[in-house]
Amino acid sequence: MSVRNLLFSPSILGGNFSKAKEEAETISQSGADYIHLDVMDGHFVPELTFGAKFIRDLRPETDLVFDVHVMAEKPENMIPSLCDAGAGIVTVHYEATEHIYRCLDLIHENGAEAGVAICPGTPAYAVTSLLEIADYVLVMTVNPGWGGQRFIPSMIEKIEYLDKLREENGYSFRIQADGGIGLDNIGSLYRAGMDIAAIGTSFFRASDKVGFLDEMLESAEGRN
Ligand code: DX5
Ligand code: ZN
């Protein structure tokens, strides 16, 4: 029996970019809550993916909220265009700007919800002063930049820490975890306080997506 909602944000990075429209439909039909869109700039992380133009073109293809995870240096430069293109949530990396507080303000000013993401090497206490304004904190559970990597178990402690701070201070941010998430670790993440799971490889590997999300929920809630 669940006392807290667990939400899913399948990442299009786990699918085939040449079939982005179909992948977005697949995500919509799976019963997921968001579509996770990984923006990479080739600097903050080595790989390049897409930006505002792709997001704008994909926007009419689904009603799901676009959960845009920005792995780019100086994200302040692209926040207005990402919001204008249809991002509902914009999450930027703590490590990618000297002005993270201003970035979160800028996201709000542009009409989206604001998240801050932390890499595996960044301690959770680094974002303490942002928790009063952040709508989301994204804990990377792999090194950002690629799908299909192995989950780093020690990241679970960061989620517990953030969940505790949230409870003690009455904050309302949601905790997202991202990277290497599947049936083997969803339970520990959920018990630690994760609200949203970004899932790429495990989601796209499953032949029955609806069944997979059901199984993930059951596993999180300790029913199997
Ligand atoms: C990695 C991305 C993730 C990625 C997750 O840098 O931020 O969102 O798509 O993919 P998996 O689930 O394959 O680790
Ligand atoms: Zn991501």
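The values are calculated or read from the model by the stated rules, or taken from the named source; none is laboratory data. Note that the structure is predicted; figures quoted are calculated from it, not measured. Positions of Cβ are backbone-derived with ideal geometry, glycine not excepted, and every protein chain shown enters the neighbour counts. Surface accessibility is based on the protein's heavy atoms, side chains included, excluding ligands, DNA and RNA. Shrake-Rupley method; radii C 1.70, N 1.55, O 1.52, S 1.80 Å.
Couple of notes before you dig in:
- Restricted to segment 150-169, and to residues there that are among the aliphatic types (A, V, I, L, M) and out of contact with any strand residue (DSSP E or B) (no Cβ under 7 Å at 6 or more places or on another chain), the residue that is surrounded by the most Cβ atoms within 10 Å (Cβ to Cβ) is I156.
One line per residue, one yes/no per condition, for (1) within 30 Å of Y125 (Cβ to Cβ); (2) within 16 Å of ligand 1 (Cβ to nearest atom):
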site	(1), (2)
A52	no, no
R59	no, no
M71	yes, yes
E76	yes, no
D84	no, no
T91	yes, yes
E95	yes, yes
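- Residues satisfying the stated conditions in segment 196-216, i.e. of a type outside the set (F, W, Y) and buried (at least 20 other Cβ atoms within 10 Å of the Cβ): I196, A197, A198, I199, G200, S202, L213, M216
- For segment 31-54, the tally of residues that are in contact with an Asp or Glu (Cβ under 9 Å, 6 or more places away or on another chain) and either more than 16 Å from ligand 2 (Cβ to nearest atom) or farther than 28 Å from E76 by Cβ (or both) stands at 3.
- Residues of segment 1-38 classified as within 11 Å of ligand 1 (Cβ to nearest atom) and among the small types (G, A, S), total: 4
- Sub-8 Å Cβ pairs linking a first residue in segment 133-158 that is at positive phi and within 16 Å of ligand 2 (Cβ to nearest atom) to a second residue that is open to solvent by 40 Å² or more (accessible area, probe 1.4 Å) and part of a loop (DSSP other than H, G, I, E, B), at least 6 apart or interchain, are G145/P46; G145/E47, ordered by first then second residue.
- Taken as a whole, segment 128-136 holds at least one residue that is closer than 17 Å to I35 by Cα and not acidic (D, E).
- Test: V139 is buried (at least 18 other Cβ atoms within 10 Å of the Cβ) and part of a helix (DSSP H, G or I): no
- Checked against the criterion of being open to solvent by less than 20 Å² (accessible area, probe 1.4 Å), assigned to a loop (DSSP other than H, G, I, E, B) and either within 16 Å of ligand 2 (Cβ to nearest atom) or touching a residue at least 24 places away in the same chain (Cβ under 8 Å) (or both), the candidates I175, I181 yield just one match: I181.
- Residue list for segment 39-57, filter: in contact (Cβ under 8 Å) with a residue 40 or more places away in the chain and either hydroxyl-bearing (S, T, Y) or crowded, with 18+ Cβ neighbours inside 10 Å (or both): V39, M40, F44, V45
- When residues of segment 117-132 are limited to those that are within 15 Å of ligand 2 (Cβ to nearest atom) and open to solvent by less than 10 Å² (accessible area, probe 1.4 Å), the one farthest from the chain's Cα centre (by Cα): I118
- Filter result (out of contact with any helix residue (DSSP H, G or I) (no Cβ under 9 Å at 6 or more places or on another chain) and within 16 Å of P60 (Cα to Cα)) within segment 85-100: G88
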